[in-house]
Every structure is written in C-alpha cells, then in structure tokens.
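Visitor: Pasting a structure below so you can have a look.
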Amino acid sequence: MLENISLILLERVSLILVITYITFQSYFIKNIFGKTLVAKNRLILGIIGGFLGVLGTVFGIRYNGAIVNYRDIGVIFAGMLGGIPAGLIAALISSIFRLFLGGITVVPCFLGTITAGFISGLISQLYGRKHFSFFRTLSYTVLIEIIHLTYVLVMVKPFSLAFDITFKILFPMVITNSLGVSFLNYMIKNIEEQLEQTAENTINSIFVIMEKSLNSIEEGFNEKTANLIAETILNNTNFDAVAITDKNKILAHVGIGSDHHVPGMPIQTNATKKVIESGHGLKVVGKKGISCSVHNCPLYSGIIIPLTDLNSELIGTLKLYYSKRGEIKHSDIIFGKKLAQTLSLIISLTRINESLKLATEEKLRELMSNLSPHFLFNTLNAIKYISKKEPDKVNYFIDNISELLRYTLYENKKFVSLKDEIKFTTNYLELMKLRYKDKLNYEIMVNVENTIKIPPFILQPLVENSIKHGMKEDELIIKVKVESVDDYVKISVEDNGKGFKSLNKKGKGLELIQKRLSSIYGGNYSFSIKNGIFGGTMVEIKIKTSSMKVGEVV
C-alpha cells in the first residue's frame, strides 16, 4: 500500500512539473522573472502556487478520511519566489479549496498549508531567493511536511486513527512534496539563468554596436551614419539584414535584399508603414507579413521597432530581418527593443550637439558640454558592468539618461519648478553614483513647496562641483537641502570632501550661476561658499521669497 501510494503520487507530480515548466516558458510568465517581484507579481505568483496546490489536492489519493496529496508543492514554491505575501495567497487558495472537500483532517490540513506558505515565505524574505539550493529546499520541505503531519497527529481524534493516518502517509507526502518542490525550484532557477544570460548577451552586443557607432553619429543622423550603424549591427549579430529608415525613406539597408531596398528610396514594405503610423513595434513572419512589392525578396521574417527622440516623437524605424532559414526568437525581441532604445538615445544626443552649435546663451554651452558622447559612453559603459550581476537595473539607468538628456535639451524656460530641478539633479547623481559606486552617496531634503519656481540648471552644477573638487579615497557624501529661512528660500549643497584651496577662486560654473542669479534677482539674493571646520565645502544660495515665482512658468 505504502509503495503504491508513493509511486502513484510521484507519477502525478511528474505530470504537474511538466505542466508547470511549459507554463513558465510562456512570454507572460518570463516577464515576471525579468523584473523585481513587486506586489502585482507576487499576486500572480500566489495565484499560480494556489492553482498548483488545488491540482495537488485534486490528484491526491484518499486514505482513511484523509487525502495523501502534494498540495504544499505550489504553496512552498510561491513562498520561495514571492515571500510571505505570495506564500499566504497560494496557501489561502489551496487550503480554502481543501475545506470544501471535508473529511476528518480538514482543519489540520488547512493549518498545515497556511504554515507551509508562511514558513517558506519567511525564509525567502530573511535569506533571499538564492538561498534555496536544491538540498536546502529539500530539507526545508521535509521539515514543513513533518510540521503539517504533526497537526494531523495532534488534532485528529481518536488518536489511534490519527497515528495510523500520520505514519502511513508520512513517507509518501514527505518524499513527493520535497522532491517536487526541489525539482520545481531547480527548474525555475534554470529559467532565471537563461533570462540573465539572454540579458547579458543582449547588453554586451549593444555595447559593441554603440561603441562603434558613437564616433560616426557625431556627424548627424543621415544616410551615411545610418549605413555605418546598420553594418555594425549586421557584423555583430546573427541577423541576415538590417535596415534603418526615417519617417519617409530608407536611410540604410545592408545584408540580403539590399539590391532593391536601396537607401534614398521611399519605404517599400507595408509593415514598416504600419509601425510608423502606429508608433508600436511589430513582429512579421512570412512573405505576406513582410509585404515587399518585389516578388523574389529574400526577407522572410523580422522585427520592426520605432526610433523616438527624448520627447517620444517618432524619428524612424530599426528593422532586423531573417531569411527563410532564420526564426524570430524571444531573445531577438528583447535585443531589438534594447538596441532601438540605445540608438534613440544616441540619435537624440546628436540633436543635442546640433542645438549646442546654435545656442546663444553661455550657460547652456557650459552645462551641456558635460553631456558629450564621451559622457554618455562612460555612463553606459558603467551600466555594462552591472548588467551581469544586476540586469534588472539596466532599464532604470537608461531611463535616468533619457530624463537627463530630455531636460537639458528641452528645458528652455526662464523658470522651472523646484520639483523638476530636483528630479534632474537626482538623475545626475544616480548616474554619478553608478560610476563611483560606494565612494559616492547623497541626501536630498526639501522643506518648501515643490511648486516654487527657480532658474533651471542651478543645482546640478553645484553638485557636479562637489564631485569634481571633493572626491577622495573614502566616501564622499553630498547633502542637498532646500528650506525656508526667515524671508528667504535657502538652497545649500554641502559635502564632506577635500574643500576649496582658495575660496576667492571660483570655477566658471559657479561664476556663471552667480551672474545668472544677479541678472534675475538683482539684490534679492545672496551667494556664499564656505569650507567646513573638519573639511568639506558648503555652497549656499538665498533668494528672497517675495521675488520668487510660484505656479507661473516664464
């Protein structure tokens, strides 16, 4: 009897593992593991774990009023991946289902399942997801199952029946649940490693392409530079053809099909026209999907992704093609999206440089010279190094760069909200923190209304000045503070760095800020630089409250 139950349960667990593996290979589920497990994803994990728990109950074997089951597989699995919230959601779903089935073990089984979700979730939150090796998972599950069956032994009456149920189903439940959870965890870890490897390969390829493209793109976004970028992409990927267009014509097409997809010609494929009209990417397969007007065109499948500027306005498209021998994979879609995002940044950078040539105000030339291709490349290169260990953070830092460039290019008002200026400065500090790692930290404290208006590009140069002159061997801490003092708004940037050797010699950036403040506020402001007693520097700006604008943008 004992051996038969164990074998039957193991067979059914194997089926559940196969179903789960197929489920977790889906695009939707892979997206969960490509991100941090936030509340929404924990809910999804809890539902998946609860569904597996219900299956573990349905396919269980009835014995003496009890059910020999593998319900806890889904519950423990959800707790391991999503912490206590996911574990308890899965436990509630599967244990409530168990309540409806009734039987003498219904209450202890309910409590045992809730305990399984809580314990697995607690261990996950205390030690992290990576703590669950194969043998640790095996050990924890054995312990949880013993606790589960202890509830049965203590709560079921008469004791002789409880003893019979507990020790007859102990081995089958412990062996099936522990092996099931361990193999399921091992399987999910493999999926996670595949996703990380895909992300790493994607980032590495993009950086090779970016490095070779930056020098040429300085000339502007035209047919010549588009062709160089397209050739670089083709030579560093497995695609059979690469094309770049603007909104009306082909700028570059290299690889197969280049005999009739000629630069300078109007866009030929309906698929590309559809992407330009909608602004959304498109995966196309087959001759009908490509819809090229040339009958023997060798292009068979591809990805068409829009290129946009920093204001999300369409610039053109990036097109990555395979011949009939190729096949569009999930990794190709990830690569295409990341590459298009990076190219959009590079193209936007060229437009910034073009704007700099036309700029008449010295303050823009001074400030935006920091955002040269070298600044962008150094920052993105730093992102490359974190992509191997923390691929989830890549999107965050690319978004930082996008926001930084968007502000510098399009913020041409005389006054901006304090909130926007703080956000711009925070983006800059986050990128510098990426570069200097543990050697740089910062604090920002705002004790006034975010709606007050100040001149743009005031805070960032002060912060940059602290980094430039204050960086030292140990940690540099920069404190940005905005507060009301009497009839003034005081803006201060303080650091614990090396300090100024001579307070009488200001850099061009500080002199420029002082001149701008003087021209705007006249005598209604003050500007001072102080060295701290124990090192460090504080730059302090006071602006009379009555002269500041609130809620109005000039």
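Visitor: Do any residues in segment 220-239 that are within 11 Å of Leu251 (Cα to Cα) and without any contact (Cβ under 8 Å) to a residue 24 or more places away in the chain have Cβ atoms under 6 Å from those of residues that are assigned to a loop (DSSP other than H, G, I, E, B) and hydrophobic (A, V, I, L, M, F, W, C), where the two are at least six apart or on different chains, and which pairs are they?
Guide: none
Visitor: Run Leu310 past the list (1) among the aliphatic types (A, V, I, L, M); (2) modelled with pLDDT of 80 or more; (3) part of a loop (DSSP other than H, G, I, E, B) and report the number of the one that doesn't hold.
Guide: For Leu310, the failing item is (2).
Visitor: Restricting attention to segment 519-547, report how many residues are among the hydrophobic types (A, V, I, L, M, F, W, C) and over 20 Å from Asp495 (Cβ atoms).
Guide: The number of residues fulfilling the criteria is 2.
Visitor: Within the group Gly523, Gly507, which residue is surrounded by fewer than 18 Cβ atoms within 10 Å (Cβ to Cβ), within 22 Å of Tyr442 (Cβ to Cβ) and modelled with pLDDT under 85?
Guide: Answer to the check: Gly507.
Visitor: Which of (1) at negative phi; (2) without any contact (Cβ under 8 Å) to a residue 60 or more places away in the chain; (3) part of a loop (DSSP other than H, G, I, E, B) is the odd one out, the single condition Tyr70 does not satisfy?
Guide: Among (1) at negative phi; (2) without any contact (Cβ under 8 Å) to a residue 60 or more places away in the chain; (3) part of a loop (DSSP other than H, G, I, E, B), Tyr70 violates only (2).
Visitor: Applying the selection to segment 395-417, what residues are modelled with pLDDT of 65 or more and among the aliphatic types (A, V, I, L, M)?
Guide: Ile398, Ile401, Leu404, Leu405, Val416
Visitor: Shifting gears a bit: For segment 468-500, how many residues are of a type in the set (Val, Ile, Thr), surrounded by 21 or more Cβ atoms within 10 Å (Cβ to Cβ) and out of contact with any Phe, Trp or Tyr (no Cβ under 8 Å at 6 or more places or on another chain)?
Guide: The qualifying residues number 4.
Visitor: Please go through (1) modelled with pLDDT of 80 or more; (2) out of contact with any Leu (no Cβ under 6 Å at 6 or more places or on another chain); (3) not in a helix (DSSP H, G or I) for Gln514 and return the number of the only condition it doesn't satisfy.
Guide: So the condition that Gln514 fails would be (3).
Visitor: While we're on this one: Starting from segment 180-191, keep only residues that are farther than 20 Å from Arg71 by Cβ, then list their pairs with residues that are modelled with pLDDT under 80 whose Cβ atoms are within a distance under 8 Å, requiring at least 6 positions of separation or different chains.
Guide: Taking only residues 6 or more apart or on different chains, the pairs are Ile191/Phe24; Ile191/Gln25; Ile191/Lys30; Ile191/Phe33.
Visitor: Among the residues of segment 313-348, write down those that are among the hydroxyl-bearing types (Ser, Thr, Tyr) and assigned to a helix (DSSP H, G or I).
Guide: Ser331, Thr342, Ser344, Ser348
Visitor: Just give me the residues in segment 282-330 being at positive phi and hydroxyl-bearing (Ser, Thr, Tyr), in sequence order.
Guide: Matches in segment 282-330: Ser291, Ser312.
Visitor: Any residue at all in segment 199-216 that's surrounded by 18 or more Cβ atoms within 10 Å (Cβ to Cβ), over 30 Å from Cys109 (Cα atoms), modelled with pLDDT of 80 or more and not β-branched (Val, Ile, Thr)?
Guide: Taking every residue of segment 199-216 in turn, none turns out to be surrounded by 18 or more Cβ atoms within 10 Å (Cβ to Cβ), over 30 Å from Cys109 (Cα atoms), modelled with pLDDT of 80 or more and not β-branched (Val, Ile, Thr).
Visitor: Please enumerate the residues belonging to segment 73-102 that are surrounded by fewer than 18 Cβ atoms within 10 Å (Cβ to Cβ) and without any contact (Cβ under 8 Å) to a residue 40 or more places away in the chain.
Guide: Answer for segment 73-102, where residues must be surrounded by fewer than 18 Cβ atoms within 10 Å (Cβ to Cβ) and without any contact (Cβ under 8 Å) to a residue 40 or more places away in the chain: Ile96, Leu99, Phe100, Gly102.
Visitor: Can you tell me which residue among Asn450, Asn465 is at pLDDT below 90 and either in a strand (DSSP E or B) or under 28 Å from the mean Cα position of the chain (by Cα) (or both)?
Guide: Asn450
Visitor: Yes or no: Ile165 assigned to a helix (DSSP H, G or I), exposed (fewer than 15 other Cβ atoms within 10 Å of the Cβ), at negative phi and in contact (Cβ under 8 Å) with a residue 24 or more places away in the chain?
Guide: no
Visitor: Check Pro461, Pro456 and return the single one that is surrounded by 13 or more Cβ atoms within 10 Å (Cβ to Cβ) and farther than 13 Å from Ile541 by Cβ.
Guide: Of Pro461, Pro456, the one residue that is surrounded by 13 or more Cβ atoms within 10 Å (Cβ to Cβ) and farther than 13 Å from Ile541 by Cβ is Pro456.
Visitor: Listed residues Asp392, Asp438, Asp420; which is modelled with pLDDT of 85 or more, surrounded by fewer than 19 Cβ atoms within 10 Å (Cβ to Cβ), assigned to a helix (DSSP H, G or I) and not hydroxyl-bearing (Ser, Thr, Tyr)?
Guide: Asp420
Rundown of residues vs (1) in contact with a Gly (Cβ under 9 Å, 6 or more places away or on another chain); (2) surrounded by 12 or more Cβ atoms within 10 Å (Cβ to Cβ), yes/no style:
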site	(1), (2)
Gly279	no, no
Val284	yes, yes
Ser291	no, yes
Val294	yes, yes
Pro298	yes, yes
Ile304	yes, yes
Asp309	no, yes
Lys319	yes, yes
Tyr322	yes, yes
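Visitor: So, restricting to strands (runs of 3 or more DSSP E) that lie completely within segment 221-290, which ones have at least 2 residues that are in contact with an Asp or Glu (Cβ under 6 Å, 6 or more places away or on another chain)?
Guide: Correct list: 250-255.
The values are calculated or read from the model by the stated rules, or taken from the named source; none is laboratory data. Predicted model only: the values in this text are computed from it and were never measured. Cβ atoms come from the backbone with ideal geometry, glycine included; neighbour counts cover every protein chain shown.
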